[in-house]
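The values are calculated or read from the model by the stated rules, or taken from the named source; none is laboratory data. Keep in mind it's a predicted model, so treat the numbers as computed, not measured. Positions of Cβ are backbone-derived with ideal geometry, glycine not excepted, and every protein chain shown enters the neighbour counts. Accessible surface areas use protein heavy atoms only, side chains included; no ligands, DNA or RNA. Shrake-Rupley method; radii C 1.70, N 1.55, O 1.52, S 1.80 Å.
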Amino acid sequence: MNTIENEDFNQKTVLVRVDFNVPLNDQFEVTDSTRIHAAKPTIETLVKSGAKCVLLTHLGRPKGPDPDLSLKHIVPEVSKILGQRVHFSEQTIGKQAVEMITNQAFGEVILMENLRFFSEETQGEKNFARALADLGDAYVNDAFGTAHRAHASTAIIADFFPKDKYFGMLLKGEVEAIQQVMETGKKPVLAIIGGAKVSSKLTILESLLDNIDDLIIGGGMVYTFIQAQGGSVGDSICEPDLKETALSLLEKATKKNVRVHLPIDVKIADAFDNEAQIKTAPVSEIPDNWMALDCGPKSLESFGDVVRQAKTILWNGPLGVFEMERFAEGTIGLGKQIASSTAQGAYSLVGGGDSVAAVKRFGLENQMSYVSTGGGAMLESLEGKQLPGIAALLS
Ligand code: AMP
């Protein structure tokens, strides 16, 4: 893995693909700057080593040039976080863009206009990638959030830097976190897979079975398994079409000596509503017109035993509808259990969408070993896929 830490970038113009696809409010202010903070170590390292940093990113999904999605809006926030003035180039590629970069001194940071103002970016068009490559002497990819896309700036551009392409520090951290779980994790390795649907997690479940010792299944996915086993799930979210698939997954787990843990009891409600009537029921005995929206206290206790013993923990997907306060207990409880195991020396990776949102919301982010910045990219990595953005740096 070619990384930036020990390289000399003095007097070099370095292109850094970052993921500054941040949310903006009506006033075009950044409302969550996590992604900017995440790229800071890489940019700082390059600047300190004497490089001129040219930042490339997309913002939103424009269909062409769109003033609302101009990166000029985020310049103040990026400047504030980096603690230095960030220059903005209205042109993404071309003569004026090159001139703009040439006019800045080494040690300066320049943010180029939104890559996705060009449809060639997402098409992975070679000439566009070449035009981007013409802007600098070296290429660093630090955009894990888009590493699963074969876009011009995330993958194709790397061909133009056969010797000068590098993993940024964030990208490296993400790759190492995945390796730590999927390849080199201390046993027992536990995966906790929650979330809404079995259909969206099937590939990940299948691919994990080769690397783990324990599997906790939580969230809305549970009821497809319970129904397949003959239980009553009432109005809980369920995918009856996947009955056979669910059963065969459980069989595969047994063959591979993976212990599967399903909830014992669940919190059920008479409506999908925070104000609904609530009671606790055994997971296989959910009455008609009731739906399970969280796991119950016995489930949490039994999950706790598994979490305590695990030395490596992967968590993807909440245990209940944590967005509603009264159905968040399972997810919060599990988060705390993982935090305490981590404090005892276990390695914990939280990755993929909603579980990341949950640990942030409940203030547990700093108590996990690693919280991933990439939703789709993390999911695809856990599915065992080689991400184009990473493959391009390794080839
Ligand atoms: P995913 O994106 O697949 O990880 O799913 C996350 C979503 O699953 C969250 O929005 C949760 O509200 C939802 N979820 C978790 N448990 C349940 C449940 N028992 N019933 C319905 N939705 C659930």
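Applying 1/(1 + (r/R0)^6) with R0 = 35 Å to the Cβ-Cβ distance of Arg85 and Asn10 gives a FRET efficiency near 0.95.
For segment 113-203, the list of trypsin sites (Lys or Arg not before Pro) that fall in a loop by DSSP and count at most 11 other C-beta atoms within 10 angstrom reads Lys163. Among the chymotrypsin sites (Phe, Trp or Tyr not before Pro) in segment 1-58, those placed in a DSSP loop whose Cβ has at most 15 other Cβ atoms within 10 Å are Phe28. Looking at segment 1-131, the DSSP beta bridges with both ends there are about 10 percent antiparallel. Other residues within the sphere of radius under 9 Å centred on the Cβ of Glu108, judged by their own Cβ, net out at +2 (K and R +1, D and E -1). Once you order the gyration tensor axes a ≥ b ≥ c over the Cα atoms, which shape class does segment 13-172 get: rounded for a/c under 1.5, otherwise prolate or oblate by comparing a/b with b/c? In terms of gyration-tensor shape, rounded. Other residues with beta-carbon under 13 Å from the beta-carbon of Pro263 carry, at +1 per Lys or Arg and -1 per Asp or Glu, a net charge of -3.
Exposure here means at most 16 other Cβ atoms within 10 Å; with GluC sites (Glu not before Pro) in a DSSP loop as sites, the longest stretch of the chain lacking them is 184-274. Counting charges near Ser232 (Lys, Arg +1; Asp, Glu -1) among other residues having Cβ under 10 Å from its Cβ returns a value of -2.
Each residue of segment 250-255 was assigned a 3J(HN,Hα) from its phi angle through the Karplus expression (A = 6.51, B = -1.76, C = 1.60, θ = phi - 60°), giving 5, 4, 4, 4, 4, 4 Hz with x at Gly and Pro.
Give the accessible surface of the chain per residue, rounded to a whole number of Å², with probe radius 1.4 Å and ligands, DNA and RNA excluded. Mind dumping the intermediate values first?
Values: 17000 Å² over 395 residues.
Per residue, the chain has an accessible area of 43 Å².
When Thr331, Thr122 are compared by accessible area of protein heavy atoms, the largest-first order is Thr122, Thr331, using a 1.4 Å probe. Inter-label distance, Lys385 to Asn257: 3.1 nm, where each label sits 7 Å from its Cα along the C-beta direction. Of the beta bridges in segment 185-382, as assigned by DSSP with both residues counted there, near 30 percent are antiparallel. In the structure shown, the pairs Lys201/Lys255; Lys186/Lys298; Lys256/Lys311; Lys95/Lys126; Lys72/Lys95 are assessed against 23 Å; a Cα-Cα span above that value is assigned to Lys186/Lys298.
Note that segment 136-141 has calculated 3J(HN,Hα) couplings of x, 9, 8, 10, 10, 9 Hz, one per residue in order, obtained from phi through the Karplus relation 6.51 cos²θ - 1.76 cosθ + 1.60 (θ = phi - 60°); glycine and proline are x.
Please give the direction-averaged projected area of the C-alpha convex hull for the chain, in square nanometres with one decimal.
Average of the hull's projected areas for the chain equals 20.1 nm².
With every protein chain in place and a 1.4 angstrom probe, the accessible-area ranking of Lys52, Lys311, largest first, reads Lys311, Lys52. Remark: segment 33-46, residue by residue, has Karplus-estimated 3J(HN,Hα) of 9, 3, 5, 6, 4, 5, 8, 4, x, 5, 5, 4, 4, 5 Hz, where x stands for each Gly or Pro and the curve is 6.51 cos²θ - 1.76 cosθ + 1.60 at θ = phi - 60°. With a 1.4 Å probe and all protein chains left in place, how much of the accessible area of segment 13-172 comes from carbon and sulfur atoms, in whole percent? The C+S portion of the solvent-accessible surface of segment 13-172 is 47 percent.
An oblate overall shape is assigned to segment 33-108, the ratio a/c of its alpha-carbon gyration tensor axes (a ≥ b ≥ c) being 1.5 or greater and a/b not exceeding b/c. Of all DSSP beta bridges confined to the chain, the antiparallel ones make up roughly 20%.
I'd like the accessible area for His261: 1.4 Å probe, protein heavy atoms, all chains in place, Å² to the nearest 10. Its heavy atoms expose roughly 40 Å² to the probe. In this simple spin-label model, placing a label point 7 Å from the Cα along the Cα-to-Cβ direction at both Lys95 and Lys311 gives a separation of 6.3 nm. Each distinct pair of alpha carbons in segment 185-382 adds a 1/r term; the inverse of their mean, the Kirkwood radius, is 16.5 Å.
Separation of segment 367-395 and segment 214-256, taken as the distance between their Cα centroids, equals 27 angstrom. Calculated FRET efficiency, Phe272 to Gln229, Cβ-Cβ distance, R0 = 22 Å: about 0.40 to the nearest 0.05.
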